[in-house]
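Every number in this text was worked out from the coordinates using simple rules, so none of it is lab data. The shown structure was predicted, so the numbers you read here are calculated from the model rather than taken from an experiment. Cβ sites come from the backbone with ideal geometry, for glycine too, and all protein chains shown count toward neighbours.
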Amino acid sequence: MIELLGLSGSLRAASTNSALLAALALNAPPACRLTVHDGLGRLPIFNPDDEGGRTPSEVRRLIEAVSRADGLVISCPEYAHGVPGGLKNALDWLVSTDAAVGKPAMLVHASTRSAISRAALTEILKTMSFDLATEPQLEIALLGKKGGDIAEMLSQPASAAAMREALIAYAAFIGARRG
């Protein structure tokens, strides 16, 4: 079983990025399980003085979840041409740990308008030594959609198939790195 951890770069309750991750979890192939992490909004602002023996419990929970996962699936909006602060803060907490080193990561997208943040996030993840899967690319354009429309779009057979295929390809990417 390949254990995946989903991180949404949006803290909004009605986030299309979180909806995409939830749909991916529901459409995961039998060999994968995707669990969406729900604690980014509770992380304190990164402070290197709080690392080590003084690491806050919510930060320890994130580090442990990333360490246990076989790979990360990140869905992130673009805010002001950048990576949202909550996700960047979470990544900052991981920098001085070994949780990210060599950890497979895949980006999925709920918007076609996030090229600048995609590039920035790719640079951050590579700098942190994540093993970034550039294929498959999964993009389901949910920007501007509301509750029922989002659910309908994500439940369409073509969307479900695209999500399954992306996770199957990502699982193969992870499997190839395991040797």
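Structure values in brief
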read-out	value
By average C-beta atoms within 10 angstrom, highest first, the peptides 47-58, 88-99	88-99, 47-58
Peptide ranges 70-77, 157-164, 32-39 listed from the most packed, as the mean C-beta count within 10 angstrom indicates	70-77, 32-39, 157-164
Separation of alpha-carbon centers, the range 62-132 and the range 1-20, rounded to whole Å	12
Extended-chain gain in nm, criterion 0.36 nm per residue less alpha-carbon gap, residue 127 and residue 55	23.7 nm
R0 of 45 Å, Cβ-Cβ distance residue 172-residue 47: FRET efficiency to nearest 0.05	0.70
Mean Kyte hydropathy of 0.5 or more with a Cα span along the axis of at least 27 Å, helices from DSSP in the chain	157-178
Segments 122-130, 102-110 sorted - mean Cβ within 10 Å per residue, highest first	102-110, 122-130
Over the chain: helical MRE at 222 nm, DSSP H runs n ≥ 4 each giving -39500 (n - 2.57), nearest 500	-13500 deg cm²/dmol
Residues residue 79 and residue 155, FRET efficiency given R0 of 41 Å [Cβ-Cβ distance, rounded to 0.05]	0.90
Antiparallel DSSP beta bridges within the chain, percent to nearest 5	5
Alpha-carbon radius of gyration plus Dmax, which is the widest Cα pair, for the range 64-179 in Å	14.8, 43
